[in-house]
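The values are calculated or read from the model by the stated rules, or taken from the named source; none is laboratory data. Fair warning: this is a prediction, and the values are worked out from it, not measured in the lab. Cβ: placed from backbone, ideal geometry, glycine included. Neighbour counts: every protein chain shown. Surface accessibility is based on the protein's heavy atoms, side chains included, excluding ligands, DNA and RNA. Shrake-Rupley method; radii C 1.70, N 1.55, O 1.52, S 1.80 Å.
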Amino acid sequence: MCRESSSPEPILCANLLRKVDERLIELLSSLRSEEWALQTTAPLWKVRDVAAHLLDTALRKLSMVRDHCYVEAVNIRSPQDLLTLVNRLNREGVAVYRRLSPRVLIDMMKDACEQSARFHESLDPFAPAAFAVSWAGEERSLNWFDTARELTERWHHQQQIRLATNRPGIMTPELYHPVLDCFMRGLPHTYRDVDAPLGTALLLEISGECGGRWLLCRGPKGWAFAKLPEGEFASRVKIPQELAWRVFTKGIDRDSARAQMEFEGNRDLGEKVLRLTAIVG
């Protein structure tokens, strides 16, 4: 049982975007011509498509948020409207930038990443963000959360390329733990419709040097993070760090993921962790 709520600390990671993107440039520059056509865990995207998406989203974010350039009016009235818009923009961007040669794409990526890093580093992390982190259930977010969300995008798409091309991952505590910590911020929203007695505690552990432990508690106003207890919990879930990023970015089907996870206590409560999707689209 848990009693005392505890809001997680902000994830101040603007400086890490530059480091992750430096690894991206090194990775893309090392690819052989045939590796650009390899299939990734994203069903519709090969390596060149994921690279095109990373270029498109960096340029799109700079254009809209930094430069306040919006070339079309959109009316978002529901989560489905947002999903439809994001999928369309992603599809259109990939269709354009996948046509670029690796040399041209990499040169453009270098410039886009540098501009993106400078922009995120310049932001007040506690000022309102231009876009809310919708998968965490927020209608308004602060810049630090939007930047952390950006880090998860840059990290996990790069990891898709590394997995497809059999390159070493970037699972270091410095770069991967903030990604996992950001993903976890979606847990209260994921469990919002799950009924349980007050004080019910769910402990989620991600094993490995990059992982950690997060406690979710059912309180009077719904599910929220709480301080780690010394006593019992209703359900405990353990996920290997190699698997975790794929679970929360639709990079593996739920049955395959479930078979590699450990559950203790109320399994039905614990398996609802698999509902968490920390991406839009």
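So which residues in the stretch 184-195 are over 19 Å from the mean Cα position of the chain (by Cα) and either closer than 21 Å to P10 by Cβ or open to solvent by 20 Å² or more (accessible area, probe 1.4 Å) (or both)? R192, D193, D195 - these are the residues of the stretch 184-195 that are over 19 Å from the mean Cα position of the chain (by Cα) and either closer than 21 Å to P10 by Cβ or open to solvent by 20 Å² or more (accessible area, probe 1.4 Å) (or both).
Would you confirm whether any residue within the stretch 46-66 is at positive phi and open to solvent by 60 Å² or more (accessible area, probe 1.4 Å)? No - not one qualifying residue is present in the stretch 46-66. The C-beta contact set for the stretch 242-255 (first residue more than 15 Å from G186 (Cβ to Cβ), second residue open to solvent by 80 Å² or more (accessible area, probe 1.4 Å) and not hydroxyl-bearing (S, T, Y), distance under 6 angstrom, 6+ apart or interchain) comprises L243/Q260.
Checked against (1) under 18 Å from R192 (Cα atoms); (2) touching a residue at least 60 places away in the same chain (Cβ under 8 Å); (3) not in a helix (DSSP H, G or I), R218 passes all but condition (2). Taking the criterion of being farther than 10 Å from L55 by Cβ and in contact (Cβ under 8 Å) with a residue 40 or more places away in the chain, the residues of the stretch 78-94 that qualify are P79, L82, L83, V86, N87, N90. For the stretch 119-148, the set of residues classified as open to solvent by less than 40 Å² (accessible area, probe 1.4 Å), touching a Ser or Thr at 6+ places or on another chain (Cβ under 8 Å) and touching a residue at least 24 places away in the same chain (Cβ under 8 Å) consists of H120, V133, W135, listed by residue number.
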